[in-house]
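Comments concern the structure below.
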Amino acid sequence: ERLQSSRPLLLVTFRFRSTSAQEVHVVGSWSEWLQIHELEEKEGGVWEAKIWLPGGRHSFKFLEDGAWRLSNEFPIEDDGVCTDGNNVMVVEPP
């Protein structure tokens, strides 16, 4: 599903690793934390989703079986609200 944006959208791949998860989702600032995107389980405990995002800096977290999780495959920064923080990424056109 494509987000509504006046900026060009870029297809971004999110990956999360878990061999024990039953389901994994990603939620982020690109939708004001309102859209939940389901990741598909691939081989070897890798979960993946491709999402159209506007360029810019985005904060996000994963939901593994309903619990908030961070990935060490993306930078982590303090979110200022006494949690473990958020993963962050900068999406730039090629």
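Things to note:
- Taking the range 68-79 as the range and being under 14 Å from the mean Cα position of the chain (by Cα) and either open to solvent by 90 Å² or more (accessible area, probe 1.4 Å) or not charged (D, E, K, R) (or both) as the test, the residues that pass are Trp68, Arg69, Leu70, Ser71, Asn72, Phe74, Pro75, Ile76.
- Restricting the range 52-94 to residues that are hydrophobic (A, V, I, L, M, F, W, C) and in contact with a helix residue (DSSP H, G or I) (Cβ under 8 Å, 6 or more places away or on another chain), the residue that is farthest from Ser20 (Cα to Cα) is Leu53.
- Residue within the range 33-50 that is touching a Phe, Trp or Tyr at 6+ places or on another chain (Cβ under 6 Å), buried (at least 19 other Cβ atoms within 10 Å of the Cβ), within 17 Å of Ile76 (Cα to Cα) and of a type outside the set (Asp, Glu) present: no
- Residue match in the range 74-83 (condition: in a strand (DSSP E or B) and free of Cβ contacts under 8 Å to residues at least 24 places away in the same chain): yes
- First in the range 40-66 and free of Cβ contacts under 8 Å to residues at least 12 places away in the same chain, second anywhere and part of a strand (DSSP E or B), Cβ under 6 Å, 6 or more apart: Glu40/Glu48; Lys42/Glu48
The values are calculated or read from the model by the stated rules, or taken from the named source; none is laboratory data. The structure presented is a predicted model; accordingly, all values stated were derived computationally and were not measured. We place every Cβ from the backbone using ideal geometry, glycine too, and count neighbours over all the protein chains shown. Only protein heavy atoms, including side chains, enter the accessible area calculation; ligands, DNA and RNA are left aside. Shrake-Rupley method; radii C 1.70, N 1.55, O 1.52, S 1.80 Å.
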